[in-house]
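The values are calculated or read from the model by the stated rules, or taken from the named source; none is laboratory data. Everything numeric in this text was worked out from a predicted model, so none of it was measured. Here the Cβ positions follow ideal geometry from the backbone for every residue, glycine too, while neighbour counts run over all protein chains shown.
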Amino acid sequence: MIAAAAGQPALLTRILRVPLALILAAAVVAGCTPDGDGARAVQVNKAAGPVCGLWYAIGSAPAPATIATAVRHNSVIVLNAWEQDTMRRIKALDPSVKVLVYKDLSSTRSYSGAYDGGKDADFLPAGVGYAYAQRKHPEWFATDTFGSRIEWNAAYPHHWQMAVWNVAYQRYWTEQVTKEVLTQGWDGVLADNDFAQLYHYSPKLLRGTTSPDQTNHKLRDGLDRLVTMAGSRLAGAGKLFVPNIAEARLTPGRWTSHSRFGGGMEEGMSYPIPEGLMPFGYSQWNEMSQTAARGSALVLLITQPRLPNSNPTGFASAALLSGSKTCWMSGDSYNYRKPTRTALQDLDLGQALGPATRRADGVWTRRFAHGIAVVNPTILPRPLSLPKGTRTASGGQVPAMLAPVSGDIYVLP
């Protein structure tokens, strides 16, 4: 996990053990960085590739030149709550870009920038300020089996777990966030930390529970209700509500339920685990496919740099979910301080000729007018048989075998 800078939201990343052989077997493919600075008008077709661009810009204040570049390439941008001027600049450059405000569902923050001199900042990364909860509603702080408040682990100092199951907390969070979104003119909310298990942040058990399962069940149930309340309110006001749905693979139906108010985000797309790539093989994959096919809600995907070939694997996986509202980004920067872009995102693959299909050996493919996306989410090499004359995106020969936990885009003749 990565510590957040003072005054900035925390980033949720999970370190899972992956067999070294899988990493060594995966091919290394280099990406490219975004082009520089600033045209005033937005002329580039953002939808040239099979998926649109996403910028999860919560790591630092974006520079003007960075904003201009990001607007040319991305259809969805997420900003911190205090970046209203940046939001308005983006909308002035291209009104079609959806700009979401970051809000944490599960914690309040007491670090400098969010809480100073005993007062909350005017615009917060959370829905409830630390000072307000401390003064007015101390019962909104979650407590452990000893009655102590739960501060998240050392990677996230001054982040306090909240009682997301408390109905009054849910109502206040919903009211405050909705009011801010409407007043400031955001397109909607990226609701972070819609998580399934507390242990990523703390090993403690919630008061009234006797096991991790009971603790996690209490949190999930509370978040189910908070997501429904906040999502219904914002959607009813014509705004998007997009939770960052952590570990949706663990609970069938969770992705569908939590993404129904405007979309969902998977921050660990094509993340390697000992069994292969997630969320392949889980109900979540089918649910995401159905959401993307309907085209009525955002499917936001981030691939973290956990393998040498993370970029092509993540992008090919996103292409399998290609739809009018499927957006992807590489997590190469890891701190979300600048846009990331790979050469694959500039490929014009043309229209999808059908849905993604799974071979008997577990390999997934999807055919486009000018190319093919192929992903091998299994832990074994698989044969790769493509039409004669097909080349790699860089013009090279197509390998005979596709490495385990890997994927790529291939260009048709």
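Numbers at a glance
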item	result
Neighbours by Cβ (under 7 Å, 6+ apart or cross-chain): first from segment 204-231, free of Cβ contacts under 8 Å to residues at least 12 places away in the same chain; second β-branched (V, I, T) and in a helix (DSSP H, G or I)	none
Residue in segment 398-405 that is within 24 Å of A246 (Cβ to Cβ) and not aromatic (F, W, Y) present	yes
Residue in segment 214-232 that is in contact with a Lys or Arg (Cβ under 8 Å, 6 or more places away or on another chain) and aliphatic (A, V, I, L, M) present	yes
Residue ID - surrounded by the most Cβ atoms within 10 Å (Cβ to Cβ), chosen from residues in segment 364-400 that are under 24 Å from the mean Cα position of the chain (by Cα) and assigned to a loop (DSSP other than H, G, I, E, B)	P377
Meets criteria (hydroxyl-bearing (S, T, Y), over 14 Å from K103 (Cβ atoms), surrounded by fewer than 22 Cβ atoms within 10 Å (Cβ to Cβ) and within 21 Å of the chain's Cα centre (by Cα)) for Y156	no
Qualifying residue in segment 72-92 (condition: under 19 Å from D346 (Cα atoms) and part of a helix (DSSP H, G or I))	yes
Residue selected from segment 231-243 under the condition crowded, with 24+ Cβ neighbours inside 10 Å and closer than 27 Å to Y282 by Cα, by the criterion farthest from the chain's Cα centre (by Cα)	G231
Flag for L223 being modelled with pLDDT of 95 or more and either surrounded by fewer than 19 Cβ atoms within 10 Å (Cβ to Cβ) or assigned to a helix (DSSP H, G or I) (or both)	yes
Residues of segment 259-273 that turn out to be under 25 Å from A235 (Cβ atoms) and either among the hydroxyl-bearing types (S, T, Y) or under 12 Å from the mean Cα position of the chain (by Cα) (or both), as a count	7
A191 vs. criteria part of a strand (DSSP E or B) and within 17 Å of A297 (Cβ to Cβ)	yes
Positions within segment 201-219 being surrounded by fewer than 20 Cβ atoms within 10 Å (Cβ to Cβ) and either acidic (D, E) or not in a loop (DSSP other than H, G, I, E, B) (or both), in sequence order	P212, D213, Q214, H217
Subset tally (residues that are out of contact with any Pro (no Cβ under 8 Å at 6 or more places or on another chain), of a type in the set (G, A, S) and closer than 15 Å to V164 by Cα) for segment 190-223	3
Among (1) within 16 Å of H258 (Cβ to Cβ); (2) in contact with a helix residue (DSSP H, G or I) (Cβ under 9 Å, 6 or more places away or on another chain) - the single one H158 does not satisfy	(1)
Only listed residue being in a helix (DSSP H, G or I), of a type in the set (S, T, N, Q) and either out of contact with any helix residue (DSSP H, G or I) (no Cβ under 7 Å at 6 or more places or on another chain) or modelled with pLDDT of 50 or more (or both), chosen from T13, T33, T69	T69
Residue check for S296: part of a loop (DSSP other than H, G, I, E, B) and surrounded by 21 or more Cβ atoms within 10 Å (Cβ to Cβ)	no
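To keep it simple, each residue is scored yes or no on (1) assigned to a strand (DSSP E or B); (2) over 20 Å from the mean Cα position of the chain (by Cα); (3) buried (at least 23 other Cβ atoms within 10 Å of the Cβ).
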| position | (1), (2), (3) |
| --- | --- |
| I302 | yes, no, yes |
| A319 | no, no, yes |
| G350 | no, yes, no |
| G354 | no, yes, no |
| D361 | no, yes, no |
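Residue-by-condition table, conditions (1) crowded, with 24+ Cβ neighbours inside 10 Å; (2) modelled with pLDDT of 95 or more:
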| position | (1), (2) |
| --- | --- |
| G59 | no, no |
| A65 | no, no |
| S75 | no, yes |
| I90 | yes, yes |
| V97 | no, yes |
| L100 | yes, yes |
